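First the structure, in the form of structure tokens, and then the observations on it.
The values are calculated or read from the model by the stated rules, or taken from the named source; none is laboratory data. Predicted, not measured: the structure shown is a model, and the values here were computed from it. Cβ: placed from backbone, ideal geometry, glycine included. Neighbour counts: every protein chain shown.
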Amino acid sequence: MDEDGGSSSAVGIEAQSIPPRQSNTLYLFTQQSLPACKPVLTPAWVITIYFLIGAICIPVGLLSLDASRSVVEITDRYDTDCIPPPFKSNKVAYIKDSSISKNCSRFLKVPKHMKAPIYIYYQLDNYYQNHRRYVKSRSDKQLLHGLKYNSTSSCKPEEYNNGLPIVPCGLIAWSLFNDTYSFSRGTAALKVNRKDISWKSDRDHKFGKQVYPFNFQNGSLIGGGSLDPNVPLSDQEDLIVWMRTAALPSFRKLYGRIEEDLDADDVVVVDVSNNYNTYSFGGKKKLVLSTSSWLGGKNDFLGMAYLSVGSSSILLSLIFLLLHVKNPRPYGDTNYSSWNWKGVSS
Amino acid sequence: MKRYVYINDDELSQDLYCDNRISNTKYTILNFLPKNLWEQFSRFMNQYFLLIACLQLWPLITPVNPASTWGPLIFIFAVSATKEGWDDYNRYLSDKKANEKEVWVVKQGIKKHIQAQDIRVGNIVWLRENDEVPCDLVLVGTSDLQGLCYVETSALDGETDLKTRVIPHACMGIDFELLHKGVIECPNPDKDIRRFDANLRLFPPFIDNDLCPLTIKNTILQSCYLRNTEWACGVAVYTGNETKLGMSRGVPEPKLTAVDMMIDKLTGAIFIFQIVVVIVLGIAGNVWKDTEARKQWYVQYPNEGPWYELLVIPLRFELLCSIMIPISIKVSLDLVKSLYAKFIDWDCEMFDIETGTRANAANTAISEDLGQVEYILTDKTGTLTENKMVFKRCCIGGIFYGNETGDALKDLELLDAVVSGSPDVVRFLTVMALCNTVIPIRSKSGSISYKAQSQDEEALVRAAACLHMIFVNKNANILEINYNGTMAQYEVLDTLEFTSDRKRMSVVVKDCKSGKIILLSKGADEAILPCANPGQQTRSFSEAVDQYAQLGLRTLCLAWRVLEEDEYQEWSLIFKEANSSLVDREWRVAEVCQRLEHGFEILGVAAIEDRLQDGVPETITTLRKAGINFWMLTGDKQNTALQIALSCNLVSPEPKGQLLLINGKTDDEVCRSLERVLLTMRTTNSEPKDVAFVIDGWALEIALRHYRKTFTELALLSRTAICCRVTPSQKAQLVYIIKSCEYKTLAIGDGGNDVRMIQQADIGVGISGREGLQAARAADYSIGKFRFLKRLILVHGRYSYNRTAFLSQYSFYKSLLICFIQIFFSFISGVSGTSLFNSVSLMAYNTFYTSIPVLVSALDKDLSERTVMQHPQILFYCQAGRLLNPSTFAGWFGRSLFHAIVVFLITIHAYAYERSEMEEMSMVALSGCIWLQAFVVALETNSFTVLQHLAIWGNLAGFYIINWIVSTLPSSGMHTIMFRLCRQPSYWTTMFLMVAAGMGPVLALKYFRYTYRSSKINILQQAERLGGPILTLGNIEPQPRSLEKEATPLLLIQPKNRSPVHEPLLSDSPNTTRRSFGSGTPFDFFQSQSRLSSSYSRNCKDN
């Protein structure tokens, strides 16, 4: 890189301009001759840059991969297994029939020692929380102000029921996930902390402390879970978590935390009450127990991506190096710029 | 078609005509909003945005808050409207000032003070010295006993010399205060400031109530200044906006540059692409809805939808994709264009010290075209030359003076002849001193200076003065000359004025001593010599003319004739009649003049030198190297023109250059000549030879009328042409011919005769020279000297083109980037038209986050000015439109697609499962876009000044600051999100990954092309920046080199390499095919020849 002090000393006759006030920045600006740095893509620079990128990316990739690998994750898909054999052919009928007990037990074997806190997620696949019709069907104002706020047309089609407004209104709240889990290890029940699973800012600013569920799930069409009308919305943490809609059709939401370590080969028994209907649209339900690292949960993507970007950078820098050694291009050689445009130069 | 102005008669002409209120404003307070909005909405882009904004008001389909379109739309409209409004307000203020100025009006013999706006047609306006004339007046009285007054007309036509105006002879000697009865019969208002064909008839009690003819000499026009005259008064004939000035003030047709048209085309292409996307996604969405969404109970799709249900999803996608066409591009372009214009105004290197004039860009919108000029049509006198005439040589009665010394004024032989009073010489000098319209002004010290409208006349009078024939005084019609100490007086009886058709002027004078009436004439040789007395031999004079013309001198033939008393009287009557005719006056006067101007006794030939301006040859050489074709159009004669052309490098001398003459007096001759030249041109074009054709006005007229097609073909083949003896309208026609073949033309001239050509051309450049400012006023750019043209084109034009090319494509890139992400997201959101980004981000993305960095690209310089000047060939890239065309655009399109994929894939994978929260994810994707666009700007910037760094990196910081602020608002839709993200290590690692993955391949590609497939620009950049001596112009020509070495560059330059400029795909896109032989001609002369001749005709619209 070189500093070009501007090119005010142009050619021949034009050099004689009015006495310039060279130092003045404004003057330099008007003459378009502010000092400028003009980087050149020299082989040395470019090879170094790629090498540096590689040198940064590979360690970062290894670190991320390590973080991801250190996370212990147990995933258990239970939606099909929890259906009693007679209903295997007609899952929808099973889930819609409220007279049948939905309870089901799962046995999870802990592969490695898991350090507290262990996060419990439920995962839904092929569930479009980001569908436009769905994602719009809520009223943030109502969640905060309750019945005092009554222009909730955005909540359609779950706005009114029997002529009375619904609190919380909208499809998202209406389809609240209502599977429940209880955990035990051996004979003792595992304590699951279900507090503090939502964002504090949501509890404080988005869901009203004085707003109580009203007329919720009273319609002919029952969606998901119901809410305790005596608990204000700001304390209905499952609802708050659910209402943070996911951008992907396959997502996990926090259910709670186990605040004690699990040892390798422990068997955790989970009693699932399998209420939520994912059968009609072919969705999947999974239960996930996972520890976490500085980078979050188990996700190899960042690590792998870093490694591949890093290695291809190194590769590129090697290729460019080779090209440069094999085929050195003298820079700034105006031989290459000889204009043999006939009729112009003659 | 006539108006009758009754002098000082309020009743008769009170309400017939408008008052003198001047109004240049476009709007009034009431109509401002509707009119301005109407104007803005007459543009297609604005209509489109309005449609989008209206669709967004429908909540069912709008993906985001309608404010995200309405906000920018209103902002952009407000900016334009404010600018217009402010300009208009300033116009109103200046109008108001002019309208409320106090002027004196004479009513019933009493002077009254009234405001200028209350002047009515027919009122008598009384002016004092140095007053501005408030409306068009017919003079009726002045303080001067002879009825003369002087006006300065610079505001009207830019000419700075004083002009004499005279009161009509009917009013002579009448006290204006008594004058209150009369009628002026004049044509309806027009804008011709050189004509006023009217009549005046005074009513009784005035005795002399004949019809008295009025000409422009009897008027003083609005906005002129009264000078050197104590007072003057006149009758208002045209007032308000109907004055000559007011009528000529038209709104110029906005010019569209080639770049603008390309941008429009690209916009159209994007629009079509958008429609396709909308249709495809719309169909996919409806299919998905029917197959999948109905199963999803939580979406609760009703079984029966309204009739428009099928339209809902496509319309949603239309709105989602509407950001593909960047709403900000118009504003950004307007902004940077006015900056380009300012740079031209500010440029100190285009400051002419001699006259103290700066370059000025009157038209701020067409700077890019300057970089794409392919043809320059230039005037000669005053443009290439200084228009400073000096009398150099003469030939009197067959004797040549000044041939040895080079200056006749120092030729002892001539001086001797003057002293001895040789009759031939004395007569010659008398004509030099008298046959003109020069006004001598005696200063207090006794020295005499001359004010002349024509530089030639001034040169002659000065020379005569040096030769002891001093033109001392002009007192009305009496001219006094002092010859060798003896005074002589002549009375001017008539002046037969110069017109470009007649090409001569004469005066009829009466020698006060002897009473002889003499006709004195001077003019071009072909206008004088044929009128010579049949008895006189004119051969020696034509030889003299030829000889002088070969030296590049302007020649004037001087002649005289003694008139008989009755011959003159008889003629005088006809002349008067012709002069007072209302129709075709000019033509009739010319015809009458013809009757007197014959049988001349030719006295001699005067040769006047007009020096070339500084730096003209270099400028022409440089610009020709840049691949620009030069045509010289001049009114001068062939030899003079050729001489000038040679001396300014326009044509090369034999054997390198070859001139092909097209001449002939009849159709057949011209046709044959044309065919012959065309044939030679075709065959010689393959040789490295400068071939130019020369054509004169007569042949050109025939060629244009009958052989237009052939001529056009010739015009396109020839890189140089010299057209002599051409009229202003022929100049304009030539411009039109080249322009109609879709070449970018630039016309440069300095005088009133160039105005039409300047207005006709794509770019008009005026030289603010000695012939007045008329050309400069009509032009898009005005410069002080011809040599500044080099800088105007190579530096300003080229930079403007490069910058706009980047800016416009980049604007599309960034809009497409965010739009592609939206489209990708729709595939994972059930093709339902959900917007990933929230309203605030969408609105701010185009208007704030990405528009500031791109604006500073208006400061980017790819090569230093010095390098460009030394390697003018580089202009080719601009001329051929190499930096902005469908293929470069395809490159940007691909880049935005690639970046969108990178951002989208990394976002959804890094933020999968438990972190797939929508608001977070949208901010991750948005930050990714911002980071990538900052690096793209940085990568494409060639020179970083402080401002660039500030804009690019400051903008990135600004993005975070704005988002932090927005994140504090609970109702913003992204409450706390940005704080949350910035605390996560994974956010920053994701950003780094996006930049590395997004920029890595782009940088690699750029580097590879820069180094191993370099364009000329790249090579010069490398040469310039890595030090090393930059070869001068001379060395750049192909030099003998070993074959081995030669091979590589040759390969690069051959047609294969006609593509690799900026993007790999550059090829025969619709735009470049035409250019491939146009400006490509210098590149591959050989290949294109055959194509050229066959394909030229389909490129000529008019054929």
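Below are the figures for this structure:
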{"read-out": "Breaking point among (1) among the small types (Gly, Ala, Ser); (2) within 7 Å of another protein chain (Cβ to nearest Cβ); (3) closer than 30 Å to residue B:339 by Cβ; (4) out of contact with any strand residue (DSSP E or B) (no Cβ under 8 Å at 6 or more places or on another chain), for residue A:36", "value": "(4)"}
{"read-out": "Residue satisfying condition, being of a type in the set (S, T, N, Q), within 14 Å of another protein chain (Cβ to nearest Cβ) and on the phi < 0 side of the Ramachandran plot, within set B:652, B:673, B:647", "value": "B:652"}
{"read-out": "Residue list for the stretch B:778-794, restricted to those being within 9 Å of chain A (Cβ to nearest Cβ) and assigned to a helix (DSSP H, G or I)", "value": "B:788, B:790, B:791"}
{"read-out": "Some residue of the stretch A:116-137 being more than 14 Å from chain B (Cβ to nearest Cβ) and part of a helix (DSSP H, G or I)", "value": "no"}
{"read-out": "Any chance residue A:128 is modelled with pLDDT under 95, buried (at least 19 other Cβ atoms within 10 Å of the Cβ), within 25 Å of residue B:917 (Cβ to Cβ) and assigned by TED's automatic domain parsing to the domain that holds residue A:265", "value": "yes"}
{"read-out": "Test result for residue B:401, free of Cβ contacts under 8 Å to residues at least 24 places away in the same chain, touching a strand residue (DSSP E or B) at 6+ places or on another chain (Cβ under 9 Å) and not charged (D, E, K, R)", "value": "yes"}
{"read-out": "Filter pass, residue B:861 being surrounded by 24 or more Cβ atoms within 10 Å (Cβ to Cβ), in a helix (DSSP H, G or I) and in contact (Cβ under 8 Å) with a residue 40 or more places away in the chain", "value": "no"}
{"read-out": "Filter result for residue A:234 (under 21 Å from residue A:138 (Cβ atoms), within 14 Å of chain B (Cβ to nearest Cβ) and touching a helix residue (DSSP H, G or I) at 6+ places or on another chain (Cβ under 8 Å))", "value": "yes"}
{"read-out": "One residue from B:381, B:385, B:364 being surrounded by fewer than 23 Cβ atoms within 10 Å (Cβ to Cβ), within 25 Å of the chain's Cα centre (by Cα) and among the β-branched types (Val, Ile, Thr)", "value": "B:364"}
{"read-out": "Only listed residue being among the acidic types (Asp, Glu), within 14 Å of chain B (Cβ to nearest Cβ) and either within 25 Å of residue A:124 (Cβ to Cβ) or out of contact with any Ser or Thr (no Cβ under 8 Å at 6 or more places or on another chain) (or both), chosen from A:196, A:202", "value": "A:202"}
{"read-out": "Filtered residues of the stretch B:856-884 (kept if of a type in the set (Gly, Ala, Ser) and facing another protein chain (nearest Cβ under 7 Å))", "value": "B:864"}
{"read-out": "Criterion (in a helix (DSSP H, G or I), free of Cβ contacts under 8 Å to residues at least 40 places away in the same chain and farther than 30 Å from residue B:266 by Cβ) met by exactly one of B:949, B:909", "value": "B:909"}
{"read-out": "Pairs, first within 14 Å of residue B:274 (Cβ to Cβ) in the stretch B:33-54, second not aliphatic (A, V, I, L, M), C-beta under 6 Å, six or more apart", "value": "B:52/B:69; B:52/B:322"}
{"read-out": "Subset of the stretch B:942-986 that is within 12 Å of chain A (Cβ to nearest Cβ) and of a type in the set (Phe, Trp, Tyr) - its residue that is surrounded by the fewest Cβ atoms within 10 Å (Cβ to Cβ)", "value": "B:979"}
{"read-out": "Total residues in the stretch B:836-855, condition assigned to a helix (DSSP H, G or I) and either within 11 Å of another protein chain (Cβ to nearest Cβ) or of a type in the set (S, T, N, Q) (or both)", "value": "5"}
{"read-out": "Evaluation of residue B:828 against (1) touching a Gly at 6+ places or on another chain (Cβ under 9 Å); (2) at pLDDT 90 or above; (3) within 14 Å of another protein chain (Cβ to nearest Cβ) (one fails), failing number", "value": "(1)"}
{"read-out": "The stretch A:218-234: number of residues that are part of a loop (DSSP other than H, G, I, E, B), hydroxyl-bearing (Ser, Thr, Tyr) and touching a Gly at 6+ places or on another chain (Cβ under 9 Å)", "value": "0"}
{"read-out": "Options B:501, B:546; residue that is surrounded by fewer than 17 Cβ atoms within 10 Å (Cβ to Cβ), in contact (Cβ under 8 Å) with a residue 60 or more places away in the chain and in a loop (DSSP other than H, G, I, E, B)", "value": "B:501"}
{"read-out": "Candidates A:147, A:176, A:108, filtered to the one that is out of contact with any Lys or Arg (no Cβ under 8 Å at 6 or more places or on another chain), more than 21 Å from residue B:973 (Cβ to Cβ), hydrophobic (A, V, I, L, M, F, W, C) and in a helix (DSSP H, G or I)", "value": "A:147"}
{"read-out": "Close pairs from the stretch A:79-98: first under 23 Å from residue A:122 (Cα atoms), partner part of a loop (DSSP other than H, G, I, E, B) and of a type in the set (Ser, Thr, Tyr), Cβ under 6 Å, at least 6 apart", "value": "A:79/A:278; A:91/A:279; A:92/A:279; A:92/A:280; A:95/A:279"}
{"read-out": "Any chance residue B:409 is more than 12 Å from every other protein chain (Cβ to nearest Cβ) and over 22 Å from residue B:622 (Cβ atoms)", "value": "yes"}
{"read-out": "Residue list for the stretch B:48-101, filter: over 13 Å from residue B:323 (Cα atoms) and among the aromatic types (Phe, Trp, Tyr)", "value": "B:58, B:75, B:77, B:86, B:89, B:92"}
{"read-out": "Residue in the stretch B:916-937 that is touching an Asp or Glu at 6+ places or on another chain (Cβ under 8 Å) and in contact (Cβ under 8 Å) with a residue 24 or more places away in the chain present", "value": "no"}
{"read-out": "Residue count for the stretch A:273-293, restricted to those that are within 20 Å of the chain's Cα centre (by Cα), over 20 Å from residue A:69 (Cα atoms) and more than 12 Å from chain B (Cβ to nearest Cβ)", "value": "2"}
{"read-out": "One residue from A:100, A:53, A:118, A:74 being more than 24 Å from residue A:248 (Cα to Cα) and surrounded by 16 or more Cβ atoms within 10 Å (Cβ to Cβ)", "value": "A:53"}
{"read-out": "Test: residue in the stretch A:154-170 that is surrounded by fewer than 21 Cβ atoms within 10 Å (Cβ to Cβ), of a type in the set (Asp, Glu) and at pLDDT 90 or above", "value": "no"}
{"read-out": "Criterion: farther than 26 Å from residue B:3 by Cα, among the acidic types (Asp, Glu) and modelled with pLDDT under 85 - qualifying residue of B:84, B:100", "value": "B:84"}
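Yes/no matrix, rows are residues, columns are (1) farther than 24 Å from residue B:998 by Cα; (2) surrounded by 24 or more Cβ atoms within 10 Å (Cβ to Cβ):
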{"position": "B:784", "(1), (2)": "yes, no"}
{"position": "B:789", "(1), (2)": "yes, yes"}
{"position": "B:823", "(1), (2)": "no, no"}
{"position": "B:844", "(1), (2)": "no, no"}
{"position": "B:865", "(1), (2)": "yes, yes"}
{"position": "B:882", "(1), (2)": "yes, yes"}
{"position": "B:894", "(1), (2)": "no, no"}
{"position": "B:898", "(1), (2)": "no, no"}
